[in-house]
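Enquirer: Take a look at the following structure, please.
The values are calculated or read from the model by the stated rules, or taken from the named source; none is laboratory data. Quick caveat: nothing in here was measured; it's all calculated off a predicted structure. No Cβ is skipped: glycine too gets one built from the backbone with ideal geometry, and neighbour counts run over all protein chains shown. These area figures cover heavy atoms from the full protein model, side chains too; ligands, DNA and RNA do not enter into them. Shrake-Rupley method; radii C 1.70, N 1.55, O 1.52, S 1.80 Å.
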Amino acid sequence: MLVWILFLLCQVGAPALAQDLCQRDAPNGYKVRISLKTALGEDAYEWNQSEMFFFQATMAFAMRRHFQMETYNVDNIILCVQTSRVSFWFVVTSPDNTTMLIPKADVEKAVRMSRHRINNAFLLSDRTLEFLGIYPTLAAPVNPDTPPWLIVFGVVIGAVCVGIIALLISSLLQKRRKEKGMTEDGQDEEDMQVKGVENGINLDGTYNRGFTDDDRFTKL
Amino acid sequence: MCAQDATMGKDAARAEWDNPMQFVLACVSYAVGLGNVWRFPYLCQMHGGGGFLIPYMLMLVLLGVPLFYMELAIGQKMRLGSIGAWRAISPYLGGVGMASVVTSMYLCLYYNVINAWSFWYLFHSFQSILPWAECPVNSNLTGPVEECERATPTQYFFYRETLDISGSIEENGGIHMGQALCLLLAWIIVYLFIIKGVKSTGKVVYFTATFPYLVLIIYLIRGVTLHGSINGVKYMFTPKMEQLAKPTTWINAATQIFFSLGLGFGSLIAFASYNQYNNNFEKQAIIVSMVNSGTSIFASIVTFSIYGFKATFNYESCLERVRLLLLNTFDLAEDTISLENVNHWIAELNRTHPEQFASLGGRLETCDLEAELDTAVEGTGLAFIVYSEAIKNMPVSQLWSVLYFIMLLLLGMGSMLGNVIAVITPLSDLKFISHYMSTKTLNGLVCLFCLLLGLGFTTRSGNYWFTMFNDYGATFSLLFIVLIEVITVCYIYGIKRFEKDVEDMLGHRLNCYWKIMLAGVSPILLIALFIFYIVNYIQGGTPTYQAWNKELGKSVVTEYPPYAQAFIGLLLASSVCCIPLTALYTYCKKRNLASGKRERTVSTVSA
């Protein structure tokens, strides 16, 4: 009889005890916030008790993986303070002693280790499945050996230098050809004297100053 | 007479544009520059939107077009760069040309740094994620770099990664290698464009003058199809007529026309000096001025549609953050609050849960679309920070980024061509220089010289020196130069002789519009502007600049140290004092010459 009463008390007491362990702002608990609609939009699934069970299972898996102990079970993950936001608090009890909580730091390590797996289980990301207080480890920046901008720079400056050298060489060649007396129409050389060219005959003329404006210059 | 002829150079040997179209495109390429994109939209916003067009157009007609016409006439008639041309007009005022060359030199030094920045941004656009889209991670991989957190990623990229800016103008650091390389590239490209004088420049301007318009049209189409762009365009064009009553509006309109057309630098004289003697520059002056103003208005439509997009994006992001904050604090289901009813819910929650609401405290932001649109920015801040912020939020942002910076580059390069030619043409006209070296060598030396001095702007405090040059290097001196120009042409040279010259070139006389404007209205407006500048400068107290504070993550107003203020004075004085100094020098030379001749004549008579 007594044993039966004790047994009844345990059945009632255990969840009550669990409730004491898990509460808002529990010292060893974490608040989880899930944003399904932000992450999945139209494809968002409904958050119900089965999903909560799934979460417990995932957390138990994370604890097993971190501590390398096969003893963690869904009962060790206690959830409470569920809201329609979809946020809740959870605490992790030790498998050997259900009244003892696993310290916060250990839970954090376990979560960090399996964060990627936990996110993928729910089709969410670091931003939409938040463990308040556990900051996601950001991806290390990829540092290529040659910065990409330098490559583009090299291409452009190479092309420009080639252009300049080509222009310089072409004008040098033209000057050489002209010196050999082979040009007849040197329109693209800026140093050439523009003499009257009519019908291909060079008319040697000089500028006659007799017809310049005399009062072109301001008198002093 | 003969000595003067020798300094003028031979008319017959001068290079020429292949056709008048090249000349027009060169002027368009020069006048349509970065100022059309980043200064005019700002002014439009500051001075009452659509209403600003009234003083702007008025000043164009009263001030811009006549002065532009005058400079083209001088260049085409004298067929020399600014030094030779002004010396020919009046030997005492040859200093005007020299002052133009000095001012153009200052402009050359710092203007190409903008092109270097454009190159830097352009090359960095070829990445899958634009580097200014996100903050880089800090060394222990826990979060973004602090400076970036306090500021925005675009500001961080500009101030830290592009400039590596120091805290004040006194802290000089080393040269930023990336910037130096980009500056080198910019100068090499300028050299490539001017290597053969107007023959090469004439071909380049076909591209630099027309391609920016193509990009602007593409951006216009992209801009007006962006979400929220209509807010920006509406905001800009809503005229606020009360702004017209303020004198600053009119003064800014005049200054904008003045600087936008690039008067007083000597570039227009240089360009026109390569014209055929009978080229119809009257029609061309009107065309180029109209195209320049039209481009400003067109560019501001594009700018404001982008502004509208950015403001709407920021506003909606703000609403989203507030929505999340409310959802998380009050643990409501995700779909209860949407972006539309955020404000309704704020009032509701304040009423139903006052203590919990009060605990939100300062974290609750007020989201205001008007305030976002009001953040008017001009200058490099607009081009490199605001625009890149808008671009990173567009789909396929790499493409838009590349297009935008290519456009900035072309605008900047086009203006650089004018600046460099303004320096090179008068130098190559000087007999002793053209005797010793060919044009190619002269061009190369000028580019090299400007590059080496320009490296100073790539140091860590370089941006502060850049701002100093930008604000003081060319503004005041130009007003003075153009004022002296107009007075010289109309009163010392004589409006009658000018009329005869124009008739000689064009075949018809100056009509009354040009005469009234040049001889009357423009000088009066210029004097008024000049006085206003002096008064403003004196009243402004100690000159200040915006220094980037890395702890706060924003710019703070700092006073210039004494040596920097002295340098500002030097900048202003060095170009302006060319004019009186040359006049004095010429006067003394003539007096010595005259007294020398008199002595000889006296001795012959007495003997």
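Enquirer: With a cap of 11 neighbouring Cβ atoms within 10 Å, and only residues DSSP puts in a loop, list the trypsin sites (Lys or Arg not before Pro) found in the stretch A:20-93.
Expert: The qualifying sites are A:R24.
Enquirer: Still on this structure: What is the dipole size for the protein assembly as shown, taken about its Cα centre, with +1 at each Lys and Arg Cβ and -1 at each Asp and Glu Cβ, in debye to the nearest 20?
Expert: 2880
Enquirer: Return the value, in Å² to the nearest 100, of accessible area buried between chains A and B (probe 1.4 Å, both sides summed).
Expert: The A and B chains share an interface burying roughly 4300 Å².
Enquirer: While we're here: For the stretch B:331-372, which residues drop by 30 square angstrom or more in accessible area between the chain on its own and all protein chains together (1.4 Å probe)?
Expert: SASA drop of 30 Å² or more in the stretch B:331-372: B:D331, B:A333, B:E334, B:D335.
Enquirer: Let me ask another. If I take R0 = 25 Å and measure r between the Cβ atoms of B:M57 and B:I531 in this structure, what FRET efficiency does the formula 1/(1 + (r/R0)^6) give, to the nearest 0.05?
Expert: 0.60
Enquirer: Tell me the label-point distance for the pair A:F54, B:Q565, using the 7 Å Cα-to-Cβ offset, in nm and rounded to one decimal.
Expert: Placing both labels 7 Å beyond Cα along the Cβ direction yields 7.0 nm.
Enquirer: Can you tell me, using C-alpha contacts under 8 Å and at least 6 residues apart, the relative contact order of the stretch B:260-357 as a whole percent?
Expert: 16
Enquirer: Straight distance only, please: which lysines reach the Cα of B:K550 with their own Cα at less than 24 Å, same-chain residues fewer than 8 apart left out?
Expert: Of all the lysines, those that pass the test against B:K550 - Cα under 24 Å, at least 8 places apart if same chain - are B:K392.
Enquirer: So which of B:K77/B:K590; A:K31/B:K310; B:K240/B:K310; B:K203/B:K283 end up more than 27 Å apart, counting from Cα to Cα?
Expert: A:K31/B:K310
Enquirer: Here's a follow-up. Taking the simple approach of a point 7 Å from Cα along Cα-to-Cβ for both A:H116 and B:K283, what is their distance in nm?
Expert: The two pseudo-label positions are separated by 7.1 nm.
Enquirer: Using a/c under 1.5 as the rounded threshold, could you call the stretch B:141-262 rounded, prolate or oblate? The axes a ≥ b ≥ c are square roots of the C-alpha gyration tensor eigenvalues, and prolate needs a/b larger than b/c, oblate otherwise.
Expert: oblate
Enquirer: For the stretch B:328-353 and the stretch B:239-256, what is the separation of their C-alpha centers, rounded to whole Å?
Expert: Distance between centres, Cα-based: 44 Å.
Enquirer: Could you calculate the FRET efficiency of B:L399 with A:V162 from 1/(1 + (r/R0)^6), where r is the beta carbon distance between them and R0 is 25 Å, rounded to 0.05?
Expert: 0.40
Enquirer: Taking the simple approach of a point 7 Å from Cα along Cα-to-Cβ for both B:Q356 and B:D374, what is their distance in nm?
Expert: In this crude spin-label approximation the distance works out to 3.3 nm.
Enquirer: Once you charge only the Cβ atoms, +1 for Lys and Arg and -1 for Asp and Glu, what is the size of the charge dipole of the stretch A:36-85 about its Cα centre, to the nearest 20 debye?
Expert: 220
Enquirer: Subtract the Cα-Cα distance of B:T544 and B:Q127 from 0.36 nm times their separation in residues, and report this length gain in nm to one decimal.
Expert: Net length gain for the segment: 146.4 nm.
Enquirer: Here's another thing I want to ask about it. In the stretch B:126-141, which residues become less accessible by 20 Å² or more once every protein chain is in place, relative to the chain on its own, using a 1.4 Å probe?
Expert: Those residues are B:F126, B:Q127, B:V137, B:L141.
Enquirer: Just to confirm, what accessible area per residue do you get for the stretch B:363-426 at 1.4 Å probe, in whole Å²?
Expert: 30
Enquirer: Using a 1.4 Å probe, what is the accessible area per residue for the stretch B:139-181, in Å²?
Expert: Computed with neighbouring chains in place, this is 46 Å² per residue.
Enquirer: Still on this structure, please answer the following. Over chain B, what is the relative contact order in whole percent, taking alpha-carbon pairs under 8 Å and six or more residues apart?
Expert: 32
Enquirer: How much area per residue is accessible in the stretch B:475-583 when the probe is 1.4 Å and only protein heavy atoms are counted (Å²)?
Expert: Per residue, the stretch B:475-583 has 48 Å² of solvent-accessible surface.
Enquirer: While we're looking at this one, here's another question. B:N172: net charge of surrounding residues, Cβ under 15 Å, Lys/Arg +1, Asp/Glu -1, itself excluded?
Expert: -2
Enquirer: List residues of the stretch B:380-399, by number, whose backbone nitrogen lies under 20 Å from a label position 7 Å along Cα→C-beta of B:L214.
Expert: B:398-399
Enquirer: Compare each residue of the stretch B:492-509 in its chain alone against the assembly with all protein chains, and report those whose accessible area goes down by 30 Å² or more; 1.4 Å probe, heavy atoms.
Expert: Residues meeting the cut-off: B:R497.
Enquirer: Return the carbon/sulfur percentage of the accessible area of the protein assembly as shown, one whole number, probe 1.4 Å, all protein chains in place.
Expert: 62
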